[in-house]
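Student: Quick one: the structure is below, and I'll ask about it shortly.
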Amino acid sequence: LPWLRIKPDAVYGVGASMGGQELLLLLARHPHLLEAAAVVDAPTDLAQQYRKFASLPCNAGCRKRWQGPIGRGLQQLARIEVGGTPGQAPAAYADRSPAHFTRAIARTGAPLGVWWSRADRVTGADGGFVRALARVHPRAPVMHVAGRWTHDRGFRLNLPRALAWLHLG
């Protein structure tokens, strides 16, 4: 990739969907590890995401693969991973929710790019996380882009933009 420019002594993070969620958690917990981060369509509240799973569309092929609606399957996986429902394990869901770490993320000083879509039916992002970051630290180096793409297209569409914003491409 001749167009890719990387500083050998810096670590950059780029993630989409749940990978973006995990990247935000890494930034909150270990800010010294990252030079900058860019996330696309990242859920920021796992309890809210758990509830949204139930409304995910699922056609006949999807129901066959998941042995029922995908939302129920994802909720079951979340219950196994987290240790119950949001009502049963609220602290565990908070620990996996970047929104719970808004203050820490805003104060890292690491540049953060956030791409989210008004058309994303999977995460249902609404810009609330970005607004919360700005309330906590109005001068935090946070850049955000709101658009209208489907969840499955968000990363492919925005990866070149994220790399350019990170000065990597």
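The values are calculated or read from the model by the stated rules, or taken from the named source; none is laboratory data. Treat the numbers as computed from the prediction; the structure is a model and nothing was measured. Cβ sites come from the backbone with ideal geometry, for glycine too, and all protein chains shown count toward neighbours. What goes into the accessible areas is simple: the full protein's heavy atoms, side chains included, and nothing from ligands, DNA or RNA. Shrake-Rupley method; radii C 1.70, N 1.55, O 1.52, S 1.80 Å.
Student: Tally the residues that are in contact (Cβ under 8 Å) with a residue 24 or more places away in the chain and more than 22 Å from GLU35 (Cα to Cα), restricting the search to the range 110-127.
Tutor: Summing the residues that are in contact (Cβ under 8 Å) with a residue 24 or more places away in the chain and more than 22 Å from GLU35 (Cα to Cα) in the range 110-127 gives 9.
Student: Right, something else. Just to confirm my filter: which helices (runs of 4 or more DSSP H) fall fully inside the range 1-112 and include at least 3 residues that are open to solvent by 40 Å² or more (accessible area, probe 1.4 Å) and at pLDDT 95 or above?
Tutor: 18-29, 60-66, 70-82, 90-95
Student: What are the residues in the range 47-99 that are among the hydrophobic types (A, V, I, L, M, F, W, C) and touching a residue at least 60 places away in the same chain (Cβ under 8 Å), if any?
Tutor: LEU56
Student: Does any residue in the range 152-169 that is in contact (Cβ under 8 Å) with a residue 40 or more places away in the chain come within less than 7 Å, Cβ to Cβ, of a residue that is open to solvent by 50 Å² or more (accessible area, probe 1.4 Å) and part of a helix (DSSP H, G or I) six or more places away or on a different chain, and which pairs are these?
Tutor: Cβ pairs passing all conditions: GLY169/PRO160.
Student: Can you confirm whether the range 27-40 contains a residue that is in contact (Cβ under 8 Å) with a residue 24 or more places away in the chain and more than 23 Å from GLY128 (Cα to Cα)?
Tutor: yes
Student: Continuing with the same structure: Restricting attention to the range 129-168, which residues are in a loop (DSSP other than H, G, I, E, B) and open to solvent by 40 Å² or more (accessible area, probe 1.4 Å)?
Tutor: Selection gives HIS137, PRO138, ARG139, PRO141, ARG148, THR150, HIS167.
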